[in-house]
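Down below is the structure, laid out as structure tokens.
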Amino acid sequence: MNKRKISIIGSTGSIGTQALEVIEKLGDKFEIIALAGGSNTELLEKQAQKFKPEYIYAAKPISVNGVKTLGSLEEICSNKENDIILVACSGKIGLKPTLTAIRNGIDIALANKETLVMAGDIVMSEAKKYGVKILPVDSEHSAIHQCIKDISMVDKLIITASGGPFLHKTIDDIKNATVEEALHHPRWNMGRKITVDSATLMNKGLEIIEAHHLFGFDYDKIDVVIHPQSIVHSAVEYKDGSVVAQLGLPSMHIPIQYAITYPERLEGIKSKSFSFSEIARLDFEKPDFEKFPCVKLAYDAGRTGGTATVCLNAANEEAVFAFLDGKIKLYDIYTVVDKLMSKHKVITSPSIDEIFEVDKEIREQTRQLISAC
């Protein structure tokens, strides 16, 4: 593989730090153009000193000897030196930089859910217009990408879910769950917000919307199945009935490396070789939409389209923050999102400005609703 020039938006987060581990393991296969972090400037400084990018960006003032400081994420994403940009930040902040990179003809390794949930139609249309690849980093979408040889021959996408910490708990257990219990994921080590989304299965709902945009499948052709071992990361069913799945030990290093080295496969970070005999069994079951109604909300928002998914995302994020702050209970996340969605007036084909305006309005309405509880 020829050396690739890469920038990482969100280098101090979970995906960003693991991406740097992958890049370090791959030796001279990459040159880092820029690293962008948030408030953790201490870690960003250490990363810059170690990996020596040309540029850095931080939400707070920062200075590293020999490295130029940029004033915006858009500056990073306008730099056509980049062969690929890893968008690993969380939240709506990832949307505009992603569009900037696309419009500059730069391929995207995408780990930011909000980009496609909020503006999937616009993002994928722009990617097609500018001939840019959107390579998914989420383990589920990476798995689907790896399973598809000829997308015209695929009949259905099958997204797996671990089921989170409350898979075998009752609805009452979920309603009375503590923050500590919700953050105790049985398989994955992730950030607090996405871990709560995993507890409610809203993360799977968001992934359904992402899959719709990434692969162009109707929602009726995207299924979710509970798979507690998290070994089968997702699958596709072909028109002849054959099912092709991608398996592997739970590790984000694999989908990160796949995205940034595609279409090549290199020997990188690997905890150990996969062993069917050690895994011994793989279990699957249907999701219980009564216990996890957030999945149905996501299906409904996706089918409605337009700003319905913006509403879903914004209300959920604010409700999750409220739960983490002890203001509401876990099951109230569903109740809050449902109320906001039921009264939202959908804009069918919103502009980027309208998407951000709706996002702002929904967040304000969500906070008001929670304060009144």
ask   = Quick one: is Cys147 in contact with a strand residue (DSSP E or B) (Cβ under 6 Å, 6 or more places away or on another chain) and assigned by TED's automatic domain parsing to the domain that holds Tyr258?
value = yes
inquiry  = Suppose we filter Ser234, Ser251, Ser273, Ser277 for residues that are in contact with a helix residue (DSSP H, G or I) (Cβ under 7 Å, 6 or more places away or on another chain) and under 30 Å from Lys25 (Cα atoms); which single one remains?
reply    = Ser234
message = Give all pairs with beta carbons closer than 8 Å in which a residue from region 21-37 that is assigned by TED's automatic domain parsing to the domain that holds Gln47 meets a residue that is surrounded by fewer than 22 Cβ atoms within 10 Å (Cβ to Cβ) and of a type in the set (Phe, Trp, Tyr); count only pairs at least 6 apart in sequence or on separate chains.
response = Ile23/Phe51; Glu24/Phe51; Ile32/Phe51; Ile33/Tyr55; Ala34/Tyr55; Leu35/Phe51; Leu35/Tyr55
inquiry  = Criterion first (in contact with a Leu (Cβ under 9 Å, 6 or more places away or on another chain), in a helix (DSSP H, G or I) and touching a residue at least 24 places away in the same chain (Cβ under 8 Å)) does Phe356 satisfy it?
reply    = yes
remark   = If we take region 122-234, then strands (runs of 3 or more DSSP E) inside it with 1 or more residues that are within 30 Å of Thr12 (Cβ to Cβ) are 134-136, 154-161
message = Tell me yes or no: at least one residue of region 67-83 is modelled with pLDDT of 95 or more, outside the structural domain of Val320 (by TED's automatic domain parsing) and among the basic types (Lys, Arg).
response = yes
inquiry  = Given the options Glu114, Glu74, Glu21, name the one that is surrounded by 23 or more Cβ atoms within 10 Å (Cβ to Cβ), in a helix (DSSP H, G or I) and among the acidic types (Asp, Glu).
reply    = Glu114
task = Being among the charged types (D, E, K, R) and surrounded by 12 or more Cβ atoms within 10 Å (Cβ to Cβ) is the filter here, so list the residues in region 266-282 that pass it.
result = Lys270
key: Residue satisfying all of: in region 164-209; among the acidic types (Asp, Glu) and crowded, with 23+ Cβ neighbours inside 10 Å; farthest from Lys128 (Cα to Cα) among these   = Asp197
Which numbered condition Arg103 misses (of (1) touching a helix residue (DSSP H, G or I) at 6+ places or on another chain (Cβ under 7 Å); (2) among the charged types (D, E, K, R); (3) in the same structural domain as Val244 (by TED's automatic domain parsing)) = (3)
ask   = Counting only residues that are within 19 Å of Glu75 (Cβ to Cβ) and under 12 Å from the mean Cα position of the chain (by Cα), how many does region 110-135 have?
value = 2
request  = Only one of these is within 30 Å of Glu317 (Cα to Cα) and either touching a His at 6+ places or on another chain (Cβ under 8 Å) or not aromatic (Phe, Trp, Tyr) (or both): Ile8, Ile33. Name it.
outcome  = Ile8
inquiry  = Against the conditions (1) over 19 Å from the mean Cα position of the chain (by Cα); (2) assigned to a helix (DSSP H, G or I); (3) not aliphatic (A, V, I, L, M), where does Gly94 fall short? Just the number, please.
reply    = (1)
ask   = Is there a residue being assigned by TED's automatic domain parsing to the domain that holds Met252, out of contact with any helix residue (DSSP H, G or I) (no Cβ under 8 Å at 6 or more places or on another chain) and not basic (Lys, Arg) anywhere in region 201-208?
value = no
request  = Could you give me the residue pairs with C-beta distances under 8 Å whose first residue belongs to region 273-293 and is over 24 Å from Pro165 (Cβ atoms), whose second residue is outside any loop (DSSP other than H, G, I, E, B) and modelled with pLDDT of 90 or more wherever it lies, and which are 6+ apart or on separate chains?
outcome  = Phe274/Leu247
Residue pairs meeting the criteria (Cβ under 8 Å; at least 6 apart or on separate chains; first under 17 Å from Asp155 (Cα atoms), in region 233-250; second of a type in the set (Lys, Arg) and part of a strand (DSSP E or B)) = Val236/Lys156; Glu237/Lys156
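Given the condition part of a helix (DSSP H, G or I), modelled with pLDDT of 95 or more and under 28 Å from Pro228 (Cα atoms), answer yes or no: does some residue in region 345-352 qualify?
No, because not a single residue in region 345-352 is part of a helix (DSSP H, G or I), modelled with pLDDT of 95 or more and under 28 Å from Pro228 (Cα atoms).
The values are calculated or read from the model by the stated rules, or taken from the named source; none is laboratory data. The shown structure was predicted, so the numbers you read here are calculated from the model rather than taken from an experiment. So basically every Cβ, Gly included, is an ideal-geometry build from the backbone, and we count neighbours across all protein chains shown.
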